[in-house]
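Right, one structure below, let's go through it.
The values are calculated or read from the model by the stated rules, or taken from the named source; none is laboratory data. All values derive from a computational prediction rather than experimental measurement. Cβ sites come from the backbone with ideal geometry, for glycine too, and all protein chains shown count toward neighbours. Surface areas here come from the heavy atoms of the whole protein model, side chains and all, with no ligands, DNA or RNA. Shrake-Rupley method; radii C 1.70, N 1.55, O 1.52, S 1.80 Å.
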Amino acid sequence: MDRECVSLLPRVCEVLAASGSSLPDDTSLEKLLDWFTEVTKAGTSLLESCPCLLEFISSVVHNTTLDPSILSFTLRLSGLVAVTEDAFTVLQQSSVLDLVFNLQHWQEAGLWEDPCIRIGWIQGLRTMMQHPKALGFFVQADFLKPLLQLQTDKSLFVASAANQMLAHVLLSCQSVSSVESNGVDEEGEDVGRSSGSIADLEYPAITVETNQDYAAVVTAISECLKKSLVPRKNSQLHQSLQILKLLALLLAQTRAPLWEKLLQMVADSVYELLAAGYSQLVLPLMDVILAAHSCDANRRVTDQRVSRLLSFMLNIRKPADLIQAAAAFLRRGRHDLVHTAQSARVLLLPLDIITGLNLLTTTADEQQFSMVEQLKNKTSCISMICVCLTNTPQITLTAADCLPCPPVLIVTAVLSLLRLCSGDFSSSSSSSSSCRDVSRNIIGSSKVQKCALEALIALSGSPGVEVKLPEVVTLLVQYLDNPHSDPTVLHKSYQALVRWMSVCSDLSSITDQHRQDLLQVATKRSCDIRWEVRDSTVEFLGRLAGVSVVQTTAEEVSDASVALLGGCCFTTPLLRAALQDPESYVRASAISALAQTLAASWQQGAALTQEHTEIVNQLLEVLSRDTEGFARRAVVRYFIAWLSSRSSHSSPPPLASSSLLMPSVRSVLSRGSADLDWEVKVHTLELAELLLHEAFSGQRGYMKGNPTQTHPYAVIPDTLHTRTHNEEDVVGELNSLVQWGVVSALLSGLVDCDRPVALRACRLLMTLREVVCPLSLGALDATAAMAMVAKVTCELPGCGWAREIRKMLATKAKDAERGCSVGEVVDCDDCGEAGQEAASGGGQTPCVSVCEVLRSLDLDERLDVLTRSSDHVHNSPFSLLQDILTASSAHSQPDTQQEVIVDCY
Amino acid sequence: MKLYCLSGHPTLPCNVLKFKSTTIMLDCGLDTTSVLNFLPLPLVHSPRLSKLPGWVSKDGTINLEKRELLDLSTIDVILISNYHCMMALPYITEHTGFTGTVYATEPTLQIGRLLMEEVVNFMERVPKAQSATCWKNKEIQRMLPGPLKDAVDVWTWKRCYSMQEVNSALSKVQLVGYSQKVELFGAVQVSPLSSGYSLGSSNWIIQSHHEKVSYVSGSSLLTTHPQPMDQSSLKNSDVLILTGLTQMPTANPDGMLGEFCSNLAMTIRAGGNVLVPCYSSGVIYDLLECLYQFIESASLGTTPFYFISPVANSSLEFSQIFAEWLCHNKQTKVYLPEPPFPHAELIQTNKLKHYPSIHGDFSSEFRQPCVVFTGHPSLRFGDVVHFMELWGKSSLNTIIFTEPDFSYLDALAPYQPLAMKCVYCPIDTRLNFHQVSKLLKEVQPLHVVCPEQYTQPPLTQSHRSDLMLELQPPPMPYRRCSVLNLPFRRRYERVYILPELANSLVPSEIKPGVSVATVSAVVHSKDNKHTLQSVPKPPPVAPSKKRKRVMDEPPVVMTPKPLLSGAVPLEAFLATLQKHGITEVKVEETADGHILHLQAEDTLIQLEEDGTHIVCDNNEPLRTTLRDLVLRFLQKL
């Protein structure tokens, strides 16, 4: 703990004990408690390091006139202090503990009515209960009864905390008894134990007497659970709900003897509750059963009671509840085969009914009948179908022998459902009028459409469904063409199309008609009146370009965009038109889609076209003109993609592409680093990083990524050392970096007011420094070895960021008081066109040595400052304590009082 | 009450309601689909069209859906619901001996006039040297080729009316405003309600004192330009006649509008022209409004929009001045003051230009690619014919159908083979089945009458049970030429009592809150108003020496027997009987009252709720005594 803080703490305690009204804001107490918790977790004993706390607690507890929030804070603090056995003993000896947690004390003071006292009491106890002594204290004081009462407290928070606490108590008891009874715990098999369980603690001396106490606690709690599980009135459903939550918590965490006991106690009540058929309780009940079941599964022996409950659950009468239960079961993952098969059947039943496809060979007539009746109601029909569809992926994940039908048939059913949704009954094979009544409920429901499309996406990976590709494509194109499709439905249709393309890479079954329809529809949707649709379309065009497929005609691998839409010649004009879109999201998507579309040609090193030149000009225009950040960010990312595709390419970069790329990168760097949007600037720095990497990868000292983050013992791959250190190389590369504007971009980033930008720039500059003029070389060495490098200069114009840099250099120079020539104007014969232009223009543009700048800017110190979060000062405990003191002094001296406005957010 | 159904076309209704001695025609829509049987009327001679095989250019005639179901001259009034449903007006008012009045709102009249003018103009500017009618003969028609042979009721097809007939017909129109009450011969009151479909479109309430009939025709719940639909006034109707639902139940107007815009943008971007065959009023206002917002986002800022119609100017101008008939949003603009429709701005900025025809100014300013709005949607006459000839050969161009009245494939038939792209996005804002069932749930009429097409799913989509009206009790369907007896009887009639007669009445209370008086009077009925007047006293016979004239006997004034009310209390009656020496009475309880058996006298007295019978053979004195005893317990009026 900070010494400064410790020194302030007594005074803070005084303030708090005196009055609670003068706190700077209502979060201070929480913050204080957080800090104490942190300190305790770090292994420091609170009582030892701050003895004043004991005094504080005892004084506050006696003063019931204090603000309830302070009292609640004290309750919780006491629990925290007493978390170690030693401190607990001290507190108990000073008889503080008895009073703090004495219910009667609070009730008599009339404070128990305040929920914050109640929750303080629960949480204090909960924190404290980490050792047997505390448990003993809990048992002896007979806190169980009030705790059980608090379960149904008016305040939801109190009730929930009481729930947690009860679970904690039971689990504590379990550990204690198991230590006692088993002596040696079967560590190997103990899988179900949660990591937070306190069974790891050692309990050396447990008497038989205490053990009896614990057994009594366990019995009392389970009795209570059993008793209050089944509601006597409808209004008591809330209570049952709470108990079920607790039970689920317990069954998932407890182990053999206790688990057995709990289950034995509650099984009948749960059964009774099930039979009562409360729809609101279906999911919580399922949670309980599944918690028991999954715990059971670990033991690899199926408990008959659990299995019976589960079977009952999967046979409830109410169709809506039944579907909920089946879905909950499948979502849980680990299952047994019988119940999985049953759940799958339940979930497929509505699909079977609506589509009339024989998914399930046999179904109980009664079940079918009640399901049909339920489906005739529009609202419940839609919600039930949606639950079924959302869970179809789970169904297909199950073993094939559990499935009532092959996945292909499920795909067929989903497709058929989608057709029904758009009002197409031609393919529907259901003829009965009741089925028709049901299917009319889903006509035009975009909710069902969305769920069905999601199911279709998920089903794409199932075995044997590839044969459905032509049908899927036809349907999706119809959906895309349908004027009444909701934008989100269109979006999902696009996603599904891309997904099926990427999974079924063999497109031989796609006909020319499909292609033509898709072309038509994509063109139309790119002119849609809703921007969301245009955006999805443009995005789709990009995504499709990223999917590689095989066209069987020549066994040739190409991207799906080429295979389906004829590639760039179709997509590029559409995307270029989208660059003019009034909606910035669409423009941004168009730019990234262009990058994806052109990526292939970059990688193949195709010759540069006139069109590409125009696109680049257009993009540069966007970067400098566009009013929205999204589009500008996308432009920078476009160049990053282009540049990285070039550098990832193994053969030497094709000239044609470079001739356009490098000049444009130069303008991207200069425009991007002057952007107002910090994300654009960060992306620009990423571009700069790529260039750095390209220039220096393999150079001594160059480490890709953040130098401070690399592990000191990390093995550096040999390939990085293949290029030998060559001074001339370095000079050449550095010169070109200066010319491309990388160095200026980095320097301007360094002084940027946005921290992420400055941080990134700082790290990159440090990387650069390591390569160009490592600090590890002495100044003399450096001058000797790197005389050439030192001559490389860059410009520092007299305005903006450069002025900042110059100021920093000047301060540094003054501080150092050395006769070094930092900041001195260097004659620049070779500092590039821009410099000469500036010189000829009359205004002298001073040039400085890059090396000198890198060495003189205190990059390490700056990195240190930047890494800290901007509010590190305000968030420190010291500042918190000071705030509390200041607020109280302001409060006590009203004449000098200033209004302290604290914004918590 | 009877309903005569003269039209089988659900959106172009023509019904006649006979209600309380009035004969009311509800709309007179003109089904013009028969024009599709004719060749297009080009402005310039088209060698291609004239050489089409099996087609012979004939006189421009128009179908008229009428049968001799009833004598049209007996019609008292015609109520018009919107300007599309009045196109047959000249046929009815001019050649049938019609002498009544036509009621319509002002926009309906003005825009209806424009539409008629447009049709007449389209027809008259390509005059026919000769006209032929012999082919209407059934024998000859049989020999005609192809679809013509199968055309039904060819003999009812009529020549297009002239401007003179239009003017004469429209002169019979009397203007009404929403909720204005118009008395028809004192028998019924009719009043128009906003129906939300088009400018000035209305539903009608026809009511007497005790009956209410609602006529719902062409209504819309969408928020387009017209004033929203008045639903609450339709409540408590005995009969609701429902016509003019959407013709495109599966095409939602929003989706179609989106489709329209994206196809338009797509064509323009590819360098093609867009042709929109449409009526010169109605949906075009919404299309222009939608485009106004879309132009910027689709970067169509420089593309010219042309609206060509003989009445283009008037239509655009009229829409701006009927502020009181517009939706609230547009009405408020007028107070700013701003034009309610944004097409004013399009015109100002020269993005939208309108011309009366393709001659003159238009030809000098015509620039491609462009968007042209022009009529007629049937593609058989009007300037659209010219553009079809001009643009049909290029696949860059697109024709977008927005009016649902004509089958677009039939409309395009004489222009095939066609290279130009064709897009069908019918925009019909009228009520769909979902909306209508909600509406009916709200207004709860006792009976619904509708065309039979609405009671079953469309033929092409027989599974779509959501595309029909499902009501409890089921609606009464009608088809062309059917005569329906509307299922309610007249039970009550309002009668007035003159003050002096009322003064003479002496009401007596028979049970709390109910008083009764007898009255003798003469009913005087005039103009469907009934008045009770006191019976005139017989004029004193003048002591005249003149020759005694034969005078009508004055009605013999007979004092009517007093009316009885009340009930005979059993106990008290028995006591009275005993007083009169009748002791042996056996009382038997029946469903309606009691039977008293006077055993000694061998007489029965049946006391029932609404009558007392004394059965007593051959003992008149006893009967009279018993009668008087019964009468003692009853009140006399």
Inspect the range B:237-244 for any residue being facing chain A (nearest Cβ under 10 Å), of a type in the set (D, E, K, R) and open to solvent by 10 Å² or more (accessible area, probe 1.4 Å) and give the result as yes or no. no
Could you list, in sequence order, the residues of the range B:12-49 that are open to solvent by 10 Å² or more (accessible area, probe 1.4 Å) and under 11 Å from the mean Cα position of the chain (by Cα)? B:12
Would it be correct to say that residue B:436 is part of a strand (DSSP E or B) and either not charged (D, E, K, R) or not assigned by the TED database to the domain that holds residue B:215 (or both)? no
Test: residue in the range B:334-342 that is on the phi < 0 side of the Ramachandran plot, of a type outside the set (A, V, I, L, M) and within 14 Å of chain A (Cβ to nearest Cβ): no
In this structure, is residue B:467 crowded, with 17+ Cβ neighbours inside 10 Å and within 14 Å of chain A (Cβ to nearest Cβ)? yes
Just checking, which of A:66, A:80 is buried (at least 17 other Cβ atoms within 10 Å of the Cβ) and either in contact with a Ser or Thr (Cβ under 7 Å, 6 or more places away or on another chain) or in a helix (DSSP H, G or I) (or both)? A:80
Which members of the range B:187-221 meet the condition of being of a type in the set (D, E, K, R) and outside any strand (DSSP E or B)? B:211
Within the range B:270-285, restricting attention to residues that are open to solvent by 10 Å² or more (accessible area, probe 1.4 Å) and within 13 Å of chain A (Cβ to nearest Cβ), which residue is farthest from residue B:387 (Cα to Cα)? B:270
Only one of these is out of contact with any Ser or Thr (no Cβ under 7 Å at 6 or more places or on another chain) and hydrophobic (A, V, I, L, M, F, W, C): B:308, B:284. Name it. B:284
Quick count over the range A:332-349, residues being modelled with pLDDT under 85 and open to solvent by 40 Å² or more (accessible area, probe 1.4 Å), is 6
List every residue pair whose Cβ atoms sit under 8 Å apart, with the two residues 6 or more apart in sequence or on different chains, where the first one lies in the range B:571-585 and is modelled with pLDDT of 85 or more and the second, anywhere, is open to solvent by 50 Å² or more (accessible area, probe 1.4 Å) and acidic (Asp, Glu). none
Only one of A:473, A:465, A:498 is away from chain B (no Cβ under 14 Å), over 32 Å from the mean Cα position of the chain (by Cα) and modelled with pLDDT of 90 or more; which? A:473
Residue check for residue B:515: among the polar types (S, T, N, Q), within 14 Å of another protein chain (Cβ to nearest Cβ) and either open to solvent by less than 90 Å² (accessible area, probe 1.4 Å) or part of a strand (DSSP E or B) (or both): no
Out of the range A:255-280, which residues are closer than 21 Å to residue A:237 by Cβ and loosely packed, with under 14 Cβ neighbours inside 10 Å? A:268, A:272, A:275, A:276, A:277, A:279, A:280
With the range B:70-179 as the region, which helices (runs of 4 or more DSSP H) entirely inside it contain at least 2 residues that are under 18 Å from residue B:34 (Cβ atoms) and touching a residue at least 24 places away in the same chain (Cβ under 8 Å)? B:89-95, B:106-124, B:146-150
Within the range B:604-637, residues within 59 Å of the chain's Cα centre (by Cα), assigned to a loop (DSSP other than H, G, I, E, B) and surrounded by 14 or more Cβ atoms within 10 Å (Cβ to Cβ) come out as B:633, B:634, B:637
Of A:574, A:579, the only residue that is open to solvent by less than 20 Å² (accessible area, probe 1.4 Å) and within 14 Å of chain B (Cβ to nearest Cβ) is A:579
Every residue from the range B:299-314 that is within 14 Å of chain A (Cβ to nearest Cβ) and either of a type outside the set (S, T, N, Q) or surrounded by fewer than 16 Cβ atoms within 10 Å (Cβ to Cβ) (or both): B:299, B:300, B:301, B:302
Among helices (runs of 4 or more DSSP H) completely within the range A:350-460, the ones holding 3 or more residues that are open to solvent by less than 10 Å² (accessible area, probe 1.4 Å), within 14 Å of chain B (Cβ to nearest Cβ) and closer than 22 Å to residue A:338 by Cβ are none
Scan the range A:24-48 residue by residue and report those that are buried (at least 17 other Cβ atoms within 10 Å of the Cβ) and modelled with pLDDT under 85. A:24, A:28, A:46, A:47
Those residues that are among the small types (Gly, Ala, Ser) and under 34 Å from the mean Cα position of the chain (by Cα), I need them from the range B:348-385; list them, please. B:375, B:378, B:382
Going through (1) away from every other protein chain (no Cβ under 14 Å); (2) closer than 30 Å to residue B:105 by Cα; (3) charged (D, E, K, R) one by one, residue B:367 fails only at (2)
Has the range B:398-420 got any residue that is of a type outside the set (Asp, Glu), within 14 Å of chain A (Cβ to nearest Cβ), open to solvent by 50 Å² or more (accessible area, probe 1.4 Å) and under 23 Å from residue A:481 (Cβ atoms)? no
Considering each of B:296, B:289, B:317, B:324 in turn, give the residue that is within 14 Å of chain A (Cβ to nearest Cβ), under 32 Å from the mean Cα position of the chain (by Cα) and either open to solvent by 10 Å² or more (accessible area, probe 1.4 Å) or under 20 Å from residue B:114 (Cα atoms) (or both). B:289
Within the set of pairs 6 or more residues apart or between chains, which connect a residue that is under 12 Å from residue A:675 (Cα atoms) and hydroxyl-bearing (Ser, Thr, Tyr) inside the range A:611-635 to a residue that is in a helix (DSSP H, G or I) and open to solvent by less than 40 Å² (accessible area, probe 1.4 Å) with Cβ atoms less than 8 Å apart? A:627/A:584
